[in-house]
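The values are calculated or read from the model by the stated rules, or taken from the named source; none is laboratory data. In this text the structure is predicted, and so the values were computed from the model without any measurement. Here the Cβ positions follow ideal geometry from the backbone for every residue, glycine too, while neighbour counts run over all protein chains shown.
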Amino acid sequence: MKKIQIVLIVALLVACVGALGATGKDEGPATLRFSWWGGESRHKATLASIAAFQAKNPNVKIEAEYMGWEGYFDKLVTQVAGGSAADIIQSDYKFFPQLVAQGGVYMDLGKVKGLIDTSGFEPEFLKKWCIYDGKLLGLPTGLNSQTAIINTTLMNKEGIAWQRSWTWDMILEEGKKLHAKNPAYYFLVQGPENLVYQVLMPYLMQMTGTNLIQDAYTISFTKDDLAKGLGYIKTLLDAGALLPLDQSAMFGVNIPENPKWVNAQAAMYLNFTTHVVTAKAAAKDQVIKTQRLPMMNGAKQSGILVTPAQLISLNEKTKYPKAAAQFVDFFFNNHDSVVVLKMERSVPAVAKAREMLSAEGLMDGDLAEAVAMGAKNVGLAIGGLLNHTEVSKILQNGVELVGYGKASPADAASTTVDSLLAKLAQLKAATK
Amino acid sequence: MRTNRRSRVAYLYLLPWLLGFALFHAFPIFSSLWYSFTNLRVTNAPRFVGLANYVQMFLHDPLFPKAMSNTLIYTMVAVPAKVGFALVIALLLTIRTRFIGLYRTVYYLPSILGGSVVISILWRFLFMTEGLMNTIFGALGAAPVRWFDPNLALFTISLLPVWQFGSSMVIFLAGLKNIPQELYEAGRIDGAGRIALFRHVTIPLLSPIIFFNLVMQMINALQEFTSPFIITGGGPLHATYLLGMKIWEEGFSFSRMGYASAVSWTLMIIILTLTVVVFTTSRFWVFYEDGKKA
């Protein structure tokens, strides 16, 4: 009796362990994983593109792994650490400096040269954003530019001319008037992170004519410069032109979710053109248009970024590089994919794809116009280090110090620059 | 001989749990201790750096003292509030009225909701400047409160675990049921009023349970991560930056696993120390029914 008991228990254990270790090798047909972030409509469109590819390539199965933007980067970093990142990865250009420095994440697309037709991409654009150390590490899905997203219905109602070359001073002036007329209205809505990327950075770049932080871990702006930028933000807050931070911080970068925008109590927000579609959907019966990002008089450069909307890369460690490359080629260049993806990833970066969309009447005029406006006025690309999480958090801290009234612009600028220089020194030391 | 065979069988039955414990608890815990003395980032091979992480944490990291003070303040606010609230509601729920079962269920429900995006949206909706709370305040004639201002944000997020007091409450209910009714009767015969009965019968006999809840909730509060993560992300201006957030940020946002491990172990030492302190004070106020003081 006792012996049988022991045998049964051991058999149970073996079965458990066996079940755990049942990862057989896949033979024959390829199974790929494709990870991306987006909203519902982008998910639907991407799934349609995958379905179209699978219909033409029955021996390849693609598993979709999609989620919202919040937490995507952290998840990706964790997966990279555990060696479980997807075969095809959608990245934001901001991920590249950190992940490329880490190494072993993105595959050099030169390895699958013949399989992806890259002739439709602008070589200069690729060189700027996708080529590191001579290696092509990703392909841009679309063109993203910075723009001013405007609720024209509200502006027309309040008698504010919305079609103009906006300057920072105009925003302050109109904002003051609007808020005085109706205290529930705020001209500009931005969260703290947005204030850094869409107000502070362009402001400083326009003022100094530089890209702010260089790859050599140096900065090209002074405490006084930063104090002026932070001072502008404080003036906006004091005048009631900018929504107080405690009412916008909890929505992060999702300004379309902010009740002020949804209830048409905000006139404008500055963001990347990828937001135009979401902004329109959120402010349902309002007419949303775009204008060029605000500039200052005598700006030394526009400070407007034209960036890849997203980058599609292959995982260095993928088991099926050929199949993955074939999908990527289909994704970007095939008509069936282009017409279902439409403009869910902004204006396509591939010239032929843009033509295909125009031919089928699928181009969103406002979005295309916003991107074109940005491209016409493109400024210097911000220093790659500005996209490093720890660096941008320091700037955000400076904005919050001023935004919550915890420090004067001069003091906040002083602390911020000191922290920034310390952090840059630390990052530089870590590269040795 | 028979006992030996029995022991062997017993160990075999225990083996799955022991393996799981070793693999999923002991091994990671001791690995993290080792990692705390290395410079492990996410993809490099760890290099031994001795106490460098700890030196960095205590001497050069301006956010560590902030996180620690936030965590301690949070614990001192949330734990008494949660345990106190649970006790009060549990006392109310011992009254025999109709639908008492329904009330118990309803009060218990929030504690099983955990933390999620839905909860964070709920909290935003409640505490936005034009949210439900301020609307109620307005109706009562009070001025709207800026719940997410850096001065108040820590208090606002601490309301989440307080709202989820259900599990503590259920334990109190069980404890209250175990107090012999004879003691109350004896007290009443001696002329004790409701408050006196509460002070001299309920509290002392409930003290082991209060002690248990206090210790468990304190440990949970010191490790808190979910509520700041989903509601405020540690902001504004690090007002809700708890040690749990710091560990997550260092480990997953900045990929500094070695440093994050060091912070984790420091947090564990803090929790251990405070728990020992509470255990030591329990001598003076916890009464066990067998007549011995704790």
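A few notes on this one:
- In segment A:94-109 there is at least one residue that is aliphatic (A, V, I, L, M), farther than 24 Å from A:Ile382 by Cα and either loosely packed, with under 14 Cβ neighbours inside 10 Å or touching a residue at least 60 places away in the same chain (Cβ under 8 Å) (or both).
- Of all the criteria given as (1) over 19 Å from the mean Cα position of the chain (by Cα); (2) of a type outside the set (Phe, Trp, Tyr); (3) within 14 Å of chain B (Cβ to nearest Cβ), the one not satisfied by A:Gln396 is (1).
- A:Gly71 vs. criteria within 11 Å of chain B (Cβ to nearest Cβ), under 20 Å from the mean Cα position of the chain (by Cα) and modelled with pLDDT under 85: yes
- Residue count for segment A:19-56 satisfying the condition of being more than 15 Å from A:Pro321 (Cα to Cα) and at pLDDT below 90: 12.
To keep it simple, each residue is scored yes or no on (1) away from chain B (no Cβ under 14 Å); (2) closer than 20 Å to A:Thr46 by Cα; (3) in a helix (DSSP H, G or I).
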residue	(1), (2), (3)
A:Val77	no, no, yes
A:Val80	no, no, yes
A:Ile89	yes, yes, no
A:Pro97	no, no, yes
A:Val100	no, no, yes
A:Val112	yes, no, yes
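- For the residues A:Asn271, A:Asn263, A:Asn258, the requirement of being within 16 Å of the chain's Cα centre (by Cα) and either within 14 Å of chain B (Cβ to nearest Cβ) or of a type in the set (S, T, N, Q) (or both) singles out A:Asn271.
- All positions within segment A:347-377 that are closer than 23 Å to A:Ile312 by Cα and basic (Lys, Arg): A:Lys352, A:Arg354
- Candidate set from segment B:112-130 (those that are within 19 Å of A:Leu245 (Cβ to Cβ) and of a type in the set (S, T, N, Q)); member that is farthest from the other protein chains (Cβ to nearest Cβ): B:Ser120
- Residue match in segment A:65-72 (condition: outside any loop (DSSP other than H, G, I, E, B), touching a strand residue (DSSP E or B) at 6+ places or on another chain (Cβ under 9 Å), within 13 Å of A:Ala324 (Cα to Cα) and not small (Gly, Ala, Ser)): no
- Inside segment A:375-401, residues that are small (Gly, Ala, Ser), closer than 17 Å to A:Phe96 by Cα and assigned to a helix (DSSP H, G or I) make up a count of 2.
- The residues in segment A:231-255 that are within 14 Å of chain B (Cβ to nearest Cβ) and in a helix (DSSP H, G or I) can be counted, and the count is 9.
- Subset tally (residues that are closer than 29 Å to A:Leu99 by Cα, at the interface with chain A (Cβ under 10 Å from one of its Cβ atoms), without any contact (Cβ under 8 Å) to a residue 40 or more places away in the chain and hydrophobic (A, V, I, L, M, F, W, C)) for segment B:1-56: 0
- Qualifying residue in segment A:159-170 (condition: surrounded by 22 or more Cβ atoms within 10 Å (Cβ to Cβ) and in contact (Cβ under 8 Å) with a residue 24 or more places away in the chain): no
- Qualifying residue in segment A:79-88 (condition: over 19 Å from A:Arg345 (Cβ atoms), modelled with pLDDT of 90 or more, among the hydroxyl-bearing types (Ser, Thr, Tyr) and out of contact with any His (no Cβ under 6 Å at 6 or more places or on another chain)): yes
- So B:Arg104, is it away from chain A (no Cβ under 14 Å) and surrounded by 15 or more Cβ atoms within 10 Å (Cβ to Cβ): yes
- Residues located in segment A:112-148, provided they are of a type in the set (Phe, Trp, Tyr), buried (at least 18 other Cβ atoms within 10 Å of the Cβ) and either assigned by TED's automatic domain parsing to the domain that holds A:Phe272 or more than 15 Å from the chain's Cα centre (by Cα) (or both): A:Phe121
- Residues in segment A:39-52 that are touching a Ser or Thr at 6+ places or on another chain (Cβ under 7 Å) and either in a loop (DSSP other than H, G, I, E, B) or not polar (S, T, N, Q) (or both): 2 in all.
- Filter result for the condition that a residue is small (Gly, Ala, Ser) and within 30 Å of A:Leu126 (Cα to Cα), over A:Ala281, A:Ala309, A:Ala267: A:Ala309
- Whichever residue in segment A:399-423 is surrounded by fewer than 20 Cβ atoms within 10 Å (Cβ to Cβ) and acidic (Asp, Glu) and, among such residues, is nearest to the other protein chains (Cβ to nearest Cβ): A:Asp418
- Scanning segment B:152-193 for residues that are within 14 Å of chain A (Cβ to nearest Cβ) and either surrounded by fewer than 13 Cβ atoms within 10 Å (Cβ to Cβ) or in contact with a helix residue (DSSP H, G or I) (Cβ under 7 Å, 6 or more places away or on another chain) (or both) yields a count of 5.
- Residue count for segment B:226-254 satisfying the condition of being within 19 Å of B:Thr156 (Cβ to Cβ), modelled with pLDDT of 90 or more and facing chain A (nearest Cβ under 10 Å): 2.
- For B:Met133, the stated conditions hold: it is within 14 Å of chain A (Cβ to nearest Cβ), buried (at least 17 other Cβ atoms within 10 Å of the Cβ), under 23 Å from B:Ser227 (Cα atoms) and among the aliphatic types (A, V, I, L, M).
- Restricted to segment A:258-367, the set of helices (runs of 4 or more DSSP H) holding at least 2 residues that are of a type outside the set (A, V, I, L, M, F, W, C) and either touching a strand residue (DSSP E or B) at 6+ places or on another chain (Cβ under 7 Å) or more than 27 Å from A:Thr31 (Cβ to Cβ) (or both) comprises A:259-262, A:275-282, A:351-359.
- Test for A:Asn258: is it surrounded by fewer than 21 Cβ atoms within 10 Å (Cβ to Cβ) and not hydrophobic (A, V, I, L, M, F, W, C): no
- Residue tally, condition touching a strand residue (DSSP E or B) at 6+ places or on another chain (Cβ under 9 Å) and within 10 Å of chain A (Cβ to nearest Cβ), over segment B:255-271: 1
- When A:Ala161, A:Ala184, A:Ala180 are checked against the criterion of being out of contact with any strand residue (DSSP E or B) (no Cβ under 9 Å at 6 or more places or on another chain), under 24 Å from B:Thr129 (Cα atoms), more than 14 Å from chain B (Cβ to nearest Cβ) and not charged (D, E, K, R), a single residue qualifies: A:Ala180.
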